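Report on the following structure.
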Amino acid sequence: DKKGISLMQSYVDRYSDVQTAALVSSRVILPADWIVERVVCSEWLDSYRDLLNTWQMWHSRAMFDVGRADLMRRLKDKQAEDIVGSSGRGAMPLQGRRGPYGYNYVQP
């Protein structure tokens, strides 16, 4: 629900807590047509990375980036399995394009 992104932005505006917004948004993949909301979430993620860099928390930054990349890979793999499993025809070629967060959008 797009209202969730708006609510989270209000929270960030009120409490200046970009860490919570970044951690929450790092665990979800928004629909492709939510362009503005994707930009907002991307800004939270970038701000959090910048904050970790400013505080010289290199290990935390690396763990955050690796954890997010691993989650995106697992979600992409699960999405591909669901598409193939629901096709009833076995394996089918998948074409993807690189998204703004570094993961592929899988298109049947």
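In terms of Cα to Cα distance under 20 Å, which aspartates and glutamates are near enough to K3, apart from those fewer than 8 places away along the same chain?
Excluding near neighbours in sequence, the set is D13, D17, D33, E37, E43.
Sum up the charges of everything whose Cβ sits under 11 Å from the Cβ of L75, counting Lys and Arg as +1 and Asp and Glu as -1, but leave L75 out.
+2
So which chymotrypsin sites (Phe, Trp or Tyr not before Pro) in region 1-89 end up in coil per DSSP with only 10 or fewer other C-beta atoms within 10 Å?
Those satisfying the criteria are W55.
Report the local net charge at I35: Lys and Arg +1, Asp and Glu -1, summed over other residues whose C-beta lies under 14 Å from its C-beta.
Overall, the nearby charge balance is -1.
Read-outs: derived from the displayed coordinates by stated rules, not from any lab. Since the model is a prediction, treat every value here as computed from it, not as a measurement. Please note: Cβ atoms are built from the backbone with ideal geometry, for glycine as well, and neighbour counts cover all protein chains shown.
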